[in-house]
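Report on one structure; see the data block that follows.
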Amino acid sequence: MKNNELETKNELQEKSLFDKTVGRRSFLQYAGAGAAGIALVAAGCKKDRGYENPTMNGGVTLDFKNDIGVLNYAYALEQLEAAFYIQVANSNTQFTGSNAAAKKAYFQDIQFHEIAHREFFKAALTTSAIGSLQVDFSSIDFTSEASVLGAAMAFEDLGVAAYNGAGPRLKDGNFLLLAGKIVSVEARHAAYVRDLISNGSFADLNSLASLGANNSAGLDAALTPDKVLAAAQKYIKTKISVINL
């Protein structure tokens, strides 16, 4: 397929996604993004419509020799994030303060984004997609706002570092472009959650030094897949191994 044909196909796919979600209030609009960004990440999921993918009873190996491994890596992380926000929505988390309703609404928007990201990678990978991860959120108290916010910050900060660390491994420029559009949304999520925890901390790169951020250079965090998965493994029952890093 020629580059201009691929670009046209991508534009039509993004337009289709936007058409499905044009009536949905979006966190991206709240954050000041335009229709092009909404078209990519908002897949029209007003709820998780029976996520169906074979569950992996054993482990899975991600082979980073090509883009399929990188996309499955992103898919695994988006599965984890989507599962977390779905459980928040189903757990009646007790958000507090005068903006409690707004917090709940924006967490719902983030949930829809993460479902959209998950479904995007599943569709892109088709038969090459790994199965469904088994998650373990036993360390999170979903009735507690503080516990939910702390976990959300950990997931979002780690997600940004994961995309930044995996981006250089993508060989297809179109995949790299789409990953860049998604990581910018993840960064918006991270900034919002951080600001809820401590007002004005949304751009505190010093606190992200352990994830590879460099405040003096104004560079966000970046971690290699092995380090990301080691940090995320406490929330995942499925054993994930990596090769050809």
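Here are some notes:
- Breaking point among (1) within 15 Å of the chain's Cα centre (by Cα); (2) modelled with pLDDT of 95 or more; (3) open to solvent by 50 Å² or more (accessible area, probe 1.4 Å), for HIS189: (3)
- On inspection, ALA101 does not qualify as among the small types (Gly, Ala, Ser), touching a Cys at 6+ places or on another chain (Cβ under 9 Å) and either on the phi < 0 side of the Ramachandran plot or surrounded by fewer than 19 Cβ atoms within 10 Å (Cβ to Cβ) (or both).
- Some residue of the range 115-127 being touching a residue at least 24 places away in the same chain (Cβ under 8 Å), open to solvent by 20 Å² or more (accessible area, probe 1.4 Å) and more than 17 Å from the chain's Cα centre (by Cα): no
- Residue selected from the range 128-146 under the condition aliphatic (A, V, I, L, M) and in a loop (DSSP other than H, G, I, E, B), by the criterion surrounded by the most Cβ atoms within 10 Å (Cβ to Cβ): ILE130
- Residues of the range 193-213 that turn out to be open to solvent by 30 Å² or more (accessible area, probe 1.4 Å) and either in a helix (DSSP H, G or I) or aromatic (Phe, Trp, Tyr) (or both), as a count: 9
- Residue match in the range 147-168 (condition: of a type in the set (Gly, Ala, Ser), more than 14 Å from the chain's Cα centre (by Cα), closer than 18 Å to ALA83 by Cα and not in a loop (DSSP other than H, G, I, E, B)): yes
The values are calculated or read from the model by the stated rules, or taken from the named source; none is laboratory data. Computed from a prediction, not measured in an experiment: that's the story for all the values here. Using ideal geometry, Cβ is built from the backbone for each residue, glycine included, and neighbour counts are taken over all protein chains shown. Each accessible area value is taken on the protein alone, full model and side chains, heavy atoms only, with ligands, DNA and RNA left out. Shrake-Rupley method; radii C 1.70, N 1.55, O 1.52, S 1.80 Å.
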